[in-house]
Every structure is written in structure tokens, then in C-alpha cells.
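The values are calculated or read from the model by the stated rules, or taken from the named source; none is laboratory data. Everything quoted here is computed from the prediction, not taken from an experiment. Every residue, glycine as well, gets a Cβ built from its backbone with ideal geometry; the counts of neighbours run over all protein chains shown. Surface areas here come from the heavy atoms of the whole protein model, side chains and all, with no ligands, DNA or RNA. Shrake-Rupley method; radii C 1.70, N 1.55, O 1.52, S 1.80 Å.
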Amino acid sequence: MSVVAAMVVVAFGLVLIGFTGVVFAKPATAERFLRRFASSARTHYVEQVFRLLIGAALVVLSPAMWQSKTFWLVGWAIVVSSAALVCVPWQWHHRFGERVGPIIFRHLRLYAVGSFAFGALLLYGVFAGGAAA
């Protein structure tokens with residue numbers, strides 16, 4: 001199970017770093033991608049499944065990661081927030097996205113830098129393991 005969790009966390013870290021590259025190379029493509037989140041019931045629930053998978057992977061893998069308590073907490077935060085979003089109508093999530101979207105799109109490069117930093121931190125957490133603690 002730890003190997004699968006590590007693969008999920010590493011893949012997610014690489015996706016976040018890759019997203020940063022897309023933002024700087026083709027910002028319109030990145031914006032289109034983000035606009036699709038919660039645009040329908042299907043995309044809302046698919047997003048929550050991926051979030052639950054990533055959060056659970058962090059919880060499972062966190063004991064072997066650098067700063068294990070922090071990653072354990074982040075994993076649980078993702079799991080709990082995703083479970084809550086599964087329980088609310090997708091239209092609420094969509095309306096929230098419509099409200100915060102303009103702010104995110106106005107500062108998309110800053111958002112991408114944060115995405116890169118979190119992706120790099122995830123990869124460091126996995127590969128440094130408990131040895132760097």
C-alpha cells in the first residue's frame with residue numbers, strides 16, 4: 001500500500017509542477033483547465049475522487065515522509081474537505097468557483113508559483129523521507 005501511496009503522491013507533485021509550466025507557457029490553456037472544475041456534477045465528483053485519493057495517499061505515506069506530522073495533517077485536511085464537498089450540491093461548489101475564479105485568474109502566475117512550491121515540497125517530502133527530519 002505504501003508503494004501505491006508513494007506513486008500517487010509523486011505523480012501529484014509532478015502534476016503540480018507541470019501545471020506551473022503550462023501556466024507560464026500557455027496561460028489560456030491553464031485557465032480553461034481550471035474553469036472546468038465543478039462545471040458539472042460529473043467533474044465535481046471526479047475532482048473529489050482524485051482529492052480523496054491524494055489525501056488518503058498522503059495520510060498513508062506520511063509516516064515515511066519528511067515532516068510526517070505536517071503531511072499527515074495536510075492529507076487529512078484534503079480528505080475531510082473532499083468528503084464535505086461530496087455531501088454538498090455540486091452547484092454550490094460551482095458558484096464558489098465562479099466567485100473566486102476571477103481572483104485566481106488575475107493572479108494565475110502567483111497561484112502557479114504556489115503550485116510549484118507545493119509540488120516540490122511533496123517530492124522532497126517523499127524522497128527525503130524521515131532521514132531529513
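Just a few scattered comments:
- For the chain, the relative contact order comes to 40 percent (Cα pairs under 8 Å, sequence separation of at least 6).
- Cα gyration tensor, region 87-130 - rounded (a/c under 1.5), prolate or oblate: oblate
- Accessible area of the chain divided out per residue, in Å², using a probe of 1.4 angstrom: 61
- Euclidean distance of C-alpha centroids, region 23-59 and region 80-115, integer Å: 9
- Accessible area in the full protein assembly, largest first, 1.4 Å probe, for Glu98, Glu31: Glu98, Glu31
- Cα centre as origin, Lys/Arg/Asp/Glu Cβ charges: the chain dipole, Debye: 360
- Surface accessible to a 1.4 Å probe, Val4 within the full protein complex, Å²: 90
- Take Met7: with every protein chain present and a 1.4 Å probe, its accessible area is about 120 Å².
- In whole percents, the pair-distance distribution calculated for the chain from its alpha-carbon pairs, binned every 5 Å from zero, is 2, 11, 17, 20, 20, 16, 9, 3, 1.
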